[in-house]
Amino acid sequence: MPSPDLDFRFGFAASPEGGAEIARLIQDMFAVDVTPLDRLGHDPSVVSFGWWRDVELIANVSLYQRELWLQGDRVEAFGVQSVAVRPAWRGRGLFHDLMARALAYADARASLVVLTTGTPDLYTPFGFRQVRETVFSGPLAPGRALANHRRLSLASDRDVALARDLFARRTPVSRVCSACDHPALFFLKAVEDPDIALMHLPDFDALAAVRAIGEPTLTLLDVVAPAIPPLEGIAAALGGGFASARVFITPDRLAWNPAQTTSEDTGYMVRGPYLPEGHAFMLSPMKV
Ligand SMILES: CC(C)(COP(=O)(O)OP(=O)(O)OC[C@H]1O[C@@H](n2cnc3c(N)ncnc32)[C@H](O)[C@@H]1OP(=O)(O)O)[C@@H](O)C(=O)NCCC(=O)NCCS
């Protein structure tokens, strides 16, 4: 046991006090407010591993279920999130202990665990390896769809319900590499970054997450829809006038050939077989 003052607890994310302590830890360590998810909906698949001192969460590692599409196959995987140890308790092996427990749990249920980090050295000793992602860009021809869009507001319960409905009916945006996860992290990213617009395109029954509307380059971050519209159609529905696009999803279902691919270190790491490795792919950045 790392310290006799601490108790190990497991699976507390869904309880009110467990959820509140995870939120406080994430606020204190990363200055990210996850409490909007109290209204927008937490991911029920989150499983937390923590060391507690009485009612205070001192150290945490959480797993959440990820549904990935990798080279045509649907793959159940785990993501690692909310990794933090309060400063006074660092250097005693708490992170190491919780990672080992979380990975034992994951390994019994799935062959793949993924995460995104700014500190890959933390995770390589646990068998994670860095995988580079790719940004796709190039010119965009004018599409034939009519301009028809509305920016959704996550402050509106109706708009949240509309987005949730599309998530429930979504098809993978890419069969080469994409995720069909619970919308919690997608919503949180949109709340955290007001430059991201969630645009409803009613004629396509689609939701497009885009950045910096009004610029000549369309920056596309994700598409949530039961059928994936062509990129040129999305651009036209958004009002047109885009000379080019920068796409942060794997574009095999967008009916568009990017002129340029740029490999990027997005902090993505994987542990286990990962079929798109070595190919050009991007999982949507719509997650915190
Ligand atoms: C990173 C963090 C979780 C480590 O917690 P900890 O309980 O002090 O870690 P441990 O004592 O279990 O140390 C585990 C190992 O990681 C190493 N380590 C700690 N911080 C590290 C860092 N930033 N980069 C690389 N290695 C690091 C330690 O040296 C130790 O190595 P060793 O086993 O060879 O001695 C903690 O410092 C923290 O909460 N930092 C701020 C939040 C953060 O960065 N979270 C990760 C985001 S992806």
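If you take the residues of region 28-75 that are closer than 18 Å to Lys189 by Cα and among the aromatic types (Phe, Trp, Tyr), which of them is farthest from the ligand (Cβ to nearest atom)?
Residue satisfying both the conditions and the ranking: Tyr64.
On the basis of being within 15 Å of the ligand (Cβ to nearest atom), more than 30 Å from Asp205 (Cα to Cα), modelled with pLDDT of 95 or more and basic (Lys, Arg), does Arg129 make the cut? Before the answer, list the steps.
Values: within 15 Å of the ligand (Cβ to nearest atom): no; more than 30 Å from Asp205 (Cα to Cα): yes; modelled with pLDDT of 95 or more: yes; basic (Lys, Arg): yes.
No, not satisfied.
Could you list, in sequence order, the residues of region 216-237 that are buried (at least 23 other Cβ atoms within 10 Å of the Cβ) and not small (Gly, Ala, Ser)? First the steps, then the outcome.
As a first pass, look at region 216-237 and keep what is buried (at least 23 other Cβ atoms within 10 Å of the Cβ): 218, 220-224, 228-229, 231, 234-237.
Listed by number, the residues that qualify are Leu218, Leu220, Leu221, Asp222, Val223, Val224, Ile228, Pro229, Leu231, Ile234.
Check whether at least one residue in region 150-164 is of a type in the set (S, T, N, Q), at pLDDT 95 or above, part of a strand (DSSP E or B) and away from the ligand (no atom under 16 Å from the Cβ), and report yes or no. Full working, then the answer.
To start, the set of residues in region 150-164 that are of a type in the set (S, T, N, Q) comprises 153, 156.
Adding the requirement that they be at pLDDT 95 or above leaves 153, 156.
Still in the running and part of a strand (DSSP E or B): none.
The answer is no; no qualifying residue exists.
Taking the condition out of contact with any Ser or Thr (no Cβ under 6 Å at 6 or more places or on another chain), free of Cβ contacts under 8 Å to residues at least 40 places away in the same chain and within 21 Å of Glu264 (Cβ to Cβ), does Asp157 pass?
Numbers: out of contact with any Ser or Thr (no Cβ under 6 Å at 6 or more places or on another chain): yes; free of Cβ contacts under 8 Å to residues at least 40 places away in the same chain: yes; within 21 Å of Glu264 (Cβ to Cβ): no.
Here the answer is no, as Asp157 does not meet what is asked.
Which ones in region 76-91 are surrounded by 14 or more Cβ atoms within 10 Å (Cβ to Cβ) and either free of Cβ contacts under 8 Å to residues at least 40 places away in the same chain or within 12 Å of the ligand (Cβ to nearest atom) (or both)?
To start, the set of residues in region 76-91 that are surrounded by 14 or more Cβ atoms within 10 Å (Cβ to Cβ) comprises 77-86, 89.
Matches in region 76-91: Phe78, Gly79, Val80, Gln81, Ser82, Val83, Ala84, Val85, Arg86, Trp89.
Within region 38-57, which residues are aliphatic (A, V, I, L, M), crowded, with 18+ Cβ neighbours inside 10 Å and under 15 Å from Ala20 (Cβ atoms)?
Going through region 38-57, the residues aliphatic (A, V, I, L, M) turn out to be 40, 46-47, 55, 57.
Imposing the further condition that a residue be crowded, with 18+ Cβ neighbours inside 10 Å reduces the set to 40, 46-47, 57.
Selection gives Val46, Leu57.
The values are calculated or read from the model by the stated rules, or taken from the named source; none is laboratory data. Keep in mind that this is a model prediction, so the values were computed, not measured. Virtual Cβ from ideal backbone geometry, glycine too; neighbours counted across all protein chains shown.
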